[in-house]
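Chemist: Here it is, the structure in full.
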Amino acid sequence: MTVLVVSFVSIVLYNKFNRTAENNTSLSNQQIIYQVAANLEYYIRSMTTVFASVEAQIQSTGELPNDLLNERLNTIFNTREDLVTIGLFSDTGQRMTSIPSTYMRSNTHLTSQNWFLSAIENPNHLSFSVPHVQNLFKGKYKWVVSMSKGIKLKTANGEEIKAVLLVDANFKMIDDLSRSVKLGQKGYAYIIDDSAGNIIYHPQQQLIYAGLKYENVEQALKYTYGSYLDNSTGVDRLITIQTVNNVGWKIVGVSYMDEIVTTRKEISAFLLWLLLAVMIFVLLITLYMSAKISQPIKRLEKSMQLVERGNFDIHIPIRRDDEVGRLSRRFNLMVNRIRELMNQNIHEQEAKRKSELEVLQSQIHPHFLYNTLNSVVRLAGTGKNEDVITMITSLSKFFRISLSKGEHFILVADELEHIRNYLIIQKMRYKNKFEYAIEAEEEALTCRTLKLILQPLVENAIYHGIEPSADEGFIRISARIIEGKLCLQVKDDGLGIAPDKLKELLTTDASHDSEGAGVGIGLRNVHERIRLNYGEEYGLQFESEREEGTVVSLWLPCLQEGVEP
């Protein structure tokens, strides 16, 4: 749209400049021609004044020739460099007086010359001749414009005679005035006689006389002043006319349209460059404004794409208070609200999962209690009272620690004591199928841990490692501080776990393994409880080889009593 507007304005300006250039050229030509005509009129008036002065001197003189008259005419003659001849002739062509007073040529045909005939035919009227070579006197042949007038003189005896007064002005003055006219690079001006259409002056006079150049004088004679287009010579030209008063001459100015076209081309080139510069400028401004407007929108779009990919840790800086700024502010509020809801949902899910794990953990005890009581009944039936006392005592301590006054975190020492009672009971149930050992560093005993996280590991070692084995087994339980972390470890020398089963032990599908449902349920629950409470960097780690045994490392943060996870 901007380009169309600029193009339209450029076309309008081009047409306007084009018309203005033509009008200015026509007006300029008219002014030049008018000025030339004014100068020529001024020159003619000055020559008329000289003619009148000469006539007055002659009329005030009596008999001719007269030395006083000659002296006065000489004075007038010498005041003007452009005067060529002052002459007074009778109506029969006889010289009465003249300046210069040199010898006249005999074959001048004076009475048949135009200036003489014009004076005789129009007495008391000042006539101007066309330029011609003055040939009255020997040795002087200058181009002149003759002013002539038929006058009457009174002799001493009162007789009135007819005479012709002649004043020749050097044509060089008119030639200089006309030659100085410049209408463009090729234009010029020429002078024509209004009465007969004769060309009085032309800068290429020789070509006119030779017929090599043509001027449409007939068309020029139709105008008194003004301008018109002419193509009579096959070239488009602008003709300007101005009439010189009193003498009946016309100044004709000629200028060539191709020069105006050149000006038009220059204007076109200038407008083209101007259009190009304006378009580039407008384009840069448009790009800049578009970038300023679209940049916040693109930033907002990019932020929305990040939200679509699940990244809610973004915040759009607000630098403006317009529609985009208000939209960005609303977007930030929306993302913050979504982030709060997601965190709230995560906490609720974690709490729900913890509750589920605790419920699952509590379901273990009834089964264990049922099996233990069956063992007690069997021992009592066989009369092994001491074993019954030991098992009941261990069961009592086992449940006391399991309760722990409802606490979810206990000392490592209590957790190890809990697992010791569990091992005592299980060893008696499995008729000394395995031995065990519990080792702990003093610093590790005072650390806090989740309650009842060793029992599933030991239970898994007994059920799936030692019980299927034909040999007696050994379970070693240790507690150490390694690189600032608490490591609880359960190591058995049972059958071990196959590598493919080991990789899937903590996955959901492993809990439904065909070799034994619930093989990994307890382990996975412990693993999830640790990660829910302490983070993703903690949990279970397995090392196992078939027929060699299994080592389960349980990594926890090293938290002393009184420090909450």
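The values are calculated or read from the model by the stated rules, or taken from the named source; none is laboratory data. Only a predicted model underlies this, so the values are computations on that prediction, with no experimental measurement involved. No Cβ is skipped: glycine too gets one built from the backbone with ideal geometry, and neighbour counts run over all protein chains shown. Note: areas computed on protein heavy atoms with side chains; ligands, DNA, RNA excluded. Shrake-Rupley method; radii C 1.70, N 1.55, O 1.52, S 1.80 Å.
Chemist: Enumerate the calculated ³J(HN,Hα) couplings along segment 452-468 in order (Karplus 6.51 cos²θ - 1.76 cosθ + 1.60, θ = phi - 60°), each rounded to whole Hz, writing x wherever the residue is Gly or Pro.
Modeler: Whole-Hz 3J(HN,Hα) from phi for segment 452-468: 6, 9, 8, 4, x, 5, 5, 4, 5, 5, 6, 5, 10, x, 9, 4, x.
Chemist: Tell me whether segment 171-253 comes out rounded, prolate or oblate; compute the Cα gyration tensor, take square roots of the eigenvalues as a ≥ b ≥ c, and use a/c under 1.5 as the rounded threshold.
Modeler: rounded
Chemist: Can you pull out the GluC sites (Glu not before Pro) in segment 417-499 that DSSP calls coil and that have at most 16 other Cβ atoms within 10 Å?
Modeler: GLU441, GLU472, GLU483
Chemist: Could you tell me which trypsin sites (Lys or Arg not before Pro) in segment 127-182 are loop residues by DSSP with no more than 12 other beta carbons within 10 angstrom of their beta carbon?
Modeler: LYS138, LYS182
Chemist: At most 15 other Cβ atoms within 10 Å and a DSSP loop assignment: could you name the chymotrypsin sites (Phe, Trp or Tyr not before Pro) in segment 78-169 that fit?
Modeler: Qualifying residues, ordered by number: TYR103, TYR141.
Chemist: Check LYS142: other-chain or 5+ apart residues with amide H under 5 Å from its amide H, H built from backbone geometry?
Modeler: GLN134
Chemist: Next up: Please report, to two decimal places, log10 I(q)/I(0) for segment 236-375 at q = 0.13 Å⁻¹ as given by the Debye formula with identical point scatterers on the Cα atoms and no solvent.
Modeler: Taking Cα atoms of segment 236-375 as identical point scatterers yields -0.87.
Chemist: With a/c under 1.5 counting as rounded, go ahead and sort segment 371-530 into rounded, prolate or oblate using the C-alpha gyration tensor (a ≥ b ≥ c being the square roots of the eigenvalues; past the cut-off, prolate if a/b is larger than b/c, else oblate).
Modeler: Oblate, since a/c reaches 1.5 and b/c is not below a/b.
Chemist: Same structure again: Which cross-chain or sequence-distant (5 or more) residues have an amide H under 5 Å from the amide H of GLN204, H modelled 1.01 Å from N in plane?
Modeler: none
Chemist: Please compute the contact order of segment 161-232 in relative form: average sequence separation of alpha-carbon pairs under 8 Å and at least six residues apart, divided by the residue count, as a percent.
Modeler: Taking the mean separation of contacting Cα pairs over the length of segment 161-232, I get 17 percent.
Chemist: Given the whole protein assembly as supplied and a 1.4 Å probe, what does the accessible area of ARG420 come to in Å², nearest 10?
Modeler: Taking all protein chains as shown, ARG420 has close to 90 Å².
Chemist: Tell me, what is the FRET efficiency for GLU121 and ALA210 to the nearest 0.05, using R0 = 35 angstrom and their Cβ-Cβ distance as r?
Modeler: Once rounded, the FRET efficiency stands at 0.65.
Chemist: Also: Can you sort CYS558, CYS447 by 1.4 Å-probe accessible area, starting with the largest?
Modeler: Ranking CYS558, CYS447 by accessible area, largest first, yields CYS558, CYS447.
Chemist: Segment 108-237: percent of C-alpha pairs farther apart than 27 Å?
Modeler: It works out to 34 percent of all Cα pairs.
Chemist: Also, I was wondering about something else. Using 0.36 nm per residue, how much length does the chain from LEU68 to ILE438 gain when fully extended, once their Cα-Cα distance is taken away?
Modeler: The span from LEU68 to ILE438 would gain 116.5 nm if fully extended.
Chemist: Counting C-alpha atoms alone, how compact is segment 362-447: give Rg to one decimal and Dmax as a whole number, in angstrom.
Modeler: Reported Rg and Dmax, both Å: 14.1, 44.
Chemist: Take every Cα pair under 8 Å in segment 154-281 that's 6+ residues apart, average their separations, divide by the length, and report that relative contact order as a whole percent.
Modeler: 21 percent
Chemist: Please list, by residue number, everything in segment 280-302 whose backbone N is under 13 Å from a paramagnetic label point 7 Å out along Cα→Cβ of ARG319.
Modeler: Residues 291-300 fall inside that zone.
Chemist: On the first, second and third principal axes, largest extent first, how far apart are the outermost C-alpha atoms of segment 1-64 in Å?
Modeler: 93, 10, 8
Chemist: Still on this structure, I have one more. Among VAL335, THR240, ASN432, whose Cα lies farthest out toward the positive end of the dipole of the chain, if unit charges sit on the beta carbon of Lys, Arg (+1) and Asp, Glu (-1)?
Modeler: Toward the positive end, the furthest listed residue is THR240.
Chemist: Right, something else. Any idea what the dipole of the chain comes to, in debye rounded to 20, about its Cα centre with Lys/Arg Cβ at +1 and Asp/Glu Cβ at -1?
Modeler: Magnitude of the dipole: close to 2600 debye.
Chemist: Further question: Using +1 at the C-beta of Lys and Arg and -1 at the C-beta of Asp and Glu, which of LEU69, GLY549, PRO203 has the Cα lying farthest in the positive direction of the dipole of the chain?
Modeler: Ranked along the dipole, the leading option is LEU69.
Chemist: Once ligands and nucleic acids are excluded and a 1.4 Å probe is used, how much of MET334 is accessible, expressed in Å² to the nearest 10?
Modeler: 90 Å²
Chemist: Same structure, new question: Rounded if a/c is under 1.5, else prolate if a/b beats b/c, else oblate: with a ≥ b ≥ c from the C-alpha gyration tensor eigenvalues square-rooted, which is the chain?
Modeler: prolate
Chemist: What is the P(r) of segment 1-154, as percent of Cα-Cα pairs per 10 Å bin from 0?
Modeler: Per 10 Å bin, starting at zero, the Cα-Cα P(r) for segment 1-154 comes out as 9, 30, 25, 9, 8, 7, 6, 5, 2, 0 percent.
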